[in-house]
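First up is the structure itself, then whatever we jot down about it.
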Amino acid sequence: MNKGILYAISAYILWGLLPLFWKILEDVPAFQILCHRISWSLVFLIFIHIIRKNFNWLKDAFKNKRTIITFLITSILLSGNWFTYIWAVNNGRTLEASLGYFINPLLYVILGVIFLKERPDKWSWFAISLAGAGISYTIILYGSVPWVALILAGSFSVYGLLRKQALLNSLQGLTFETLLLFLPATAMLIYFETKGIGSFGHISFTKNVYLFLAGIATSVPLLLFAAAARRIELTSLGILQYIAPTLQFLIGLLIFKEDLSRSNLIGFSFVWVALIIYTINNILANRRKKWKLDQIKN
């Protein structure tokens with residue numbers, strides 16, 4: 001098997017299994033888990049940079065005002081996304097969280113039209129309309145907005161849009177983001193400790209270890225994804241990305257025994273059909289583009 005595909009599958013499987021990790025810590029407040037995730041992620045990422053002996057980029061990043069502003073925004077979006085996801089898993093909303101990552105690729109298309117002046121074809125628009133119809137159906141029939149899914153999809157899509165135009169690569173960007181978040185996250189952990197409501201050191205040994213491992217659980221999939229992105233086509237990455245929300249959905253349904261109402265199932269089905277249409281259309285469009293390039297070369 002191609003190494004890039006193996007790295008991508010590994011990254012998406014790890015992301016898909018994360019609900020099991022956060023569920024172990026369900027008696028720890030979501031905000032405290034977030035603060036530990038940020039703090040220990042930075043420790044792990046710095047360790048990676050020490051091994052690579054590559055800190056030259058950091059000085060340039062702090063000198064560039066645009067980079068600082070961009071990554072301040074992305075760090076806020078990322079922390080908001082992480083918090084929402086952790087909260088959702090530990091409050092019985094894993095199915096809704098998975099919906100957010102299912103609709104995320106379609107939201108990318110809309111943002112591309114608005115901000116990057118991209119022009120999707122009619123099939124992409126049809127897929128977006130179909131997904132929108134499914135979400136609207138759920139809202140009207142179920143009587144509530146799937147806000148967890150919308151926050152997750154919205155925050156991560158805008159995050160992806162900003163990171164697409166940022167100067168730092170995947171590893172550097174995550175390191176810079178966690179560096180910007182480290183002081184407030186650590187300050188909050190110290191505050192919780194002084195108030196006697198801190199969890200670290202006051203829960204079971206196993207759960208303390210899991211809090212410590214939150215940094216590795218965050219960073220390793222991203223490193224695998226970065227390695228995959230350098231080795232395989234974006235089309236392949238696009239197809240494989242559905243592994244993660246599919247695993248999240250199955251974990252929520254089969255392991256956490258979350259309720260899937262008829263209206264939610266129909267709403268999910270609309271989104272799944274939309275994604276099938278969108279993915280097949282993307283594959284065919286890329287094949288046509290590749291064929292035209294080959295014709296020009298020949």
Would a scan of segment 66-85 turn up a residue that is out of contact with any helix residue (DSSP H, G or I) (no Cβ under 9 Å at 6 or more places or on another chain) and more than 26 Å from W147 (Cβ to Cβ)?
yes
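Can you find even one residue in segment 186-194 that is in contact with a Leu (Cβ under 7 Å, 6 or more places away or on another chain) and either of a type in the set (A, V, I, L, M) or closer than 26 Å to Y101 by Cα (or both)? Give the steps one after another, and end with the answer.
So the first thing to find is which residues in segment 186-194 are in contact with a Leu (Cβ under 7 Å, 6 or more places away or on another chain), and the list is none.
Within segment 186-194 (the criterion being in contact with a Leu (Cβ under 7 Å, 6 or more places away or on another chain) and either of a type in the set (A, V, I, L, M) or closer than 26 Å to Y101 by Cα (or both)), the answer is no, since none of the residues qualifies.
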For a quick check of your reading: which helices (runs of 4 or more DSSP H) sit entirely within segment 216-298 and have at least 1 residues that are modelled with pLDDT under 80?
234-240, 262-297
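A quick yes/no check of all residues on (1) in a helix (DSSP H, G or I); (2) closer than 24 Å to V273 by Cβ:
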| residue | (1), (2) |
| --- | --- |
| Y137 | yes, yes |
| S144 | no, yes |
| V148 | yes, yes |
| L152 | yes, yes |
| L168 | no, no |
| G173 | yes, no |
| T178 | yes, no |
Hey, any hits in segment 98-108 for a residue that's among the hydroxyl-bearing types (S, T, Y), farther than 18 Å from L150 by Cα, crowded, with 22+ Cβ neighbours inside 10 Å and out of contact with any Ser or Thr (no Cβ under 8 Å at 6 or more places or on another chain)?
no
Would a scan of segment 10-29 turn up a residue that is in contact with a Leu (Cβ under 9 Å, 6 or more places away or on another chain), acidic (D, E) and exposed (fewer than 15 other Cβ atoms within 10 Å of the Cβ)?
no
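Let's see how each residue does on (1) within 21 Å of the chain's Cα centre (by Cα); (2) under 14 Å from L106 (Cβ atoms):
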{"site": "S129", "(1), (2)": "no, yes"}
{"site": "G132", "(1), (2)": "yes, yes"}
{"site": "Y137", "(1), (2)": "no, no"}
{"site": "I140", "(1), (2)": "no, no"}
{"site": "S144", "(1), (2)": "no, no"}
{"site": "V148", "(1), (2)": "yes, no"}
{"site": "F156", "(1), (2)": "yes, yes"}
{"site": "G160", "(1), (2)": "yes, yes"}
{"site": "K164", "(1), (2)": "yes, no"}
L213 passes all but one of the listed conditions (1) within 27 Å of H49 (Cβ to Cβ); (2) in a loop (DSSP other than H, G, I, E, B); (3) modelled with pLDDT of 90 or more; the exception is number (2)
Mind checking which residues of segment 250-271 are buried (at least 16 other Cβ atoms within 10 Å of the Cβ), under 14 Å from G132 (Cα atoms) and not polar (S, T, N, Q)?
G267, F268, F270, V271
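The values are calculated or read from the model by the stated rules, or taken from the named source; none is laboratory data. Because the structure is a prediction, the values reported are computed rather than measured. Neighbour counts run over all protein chains shown; Cβ positions are idealised from the backbone, glycine included.
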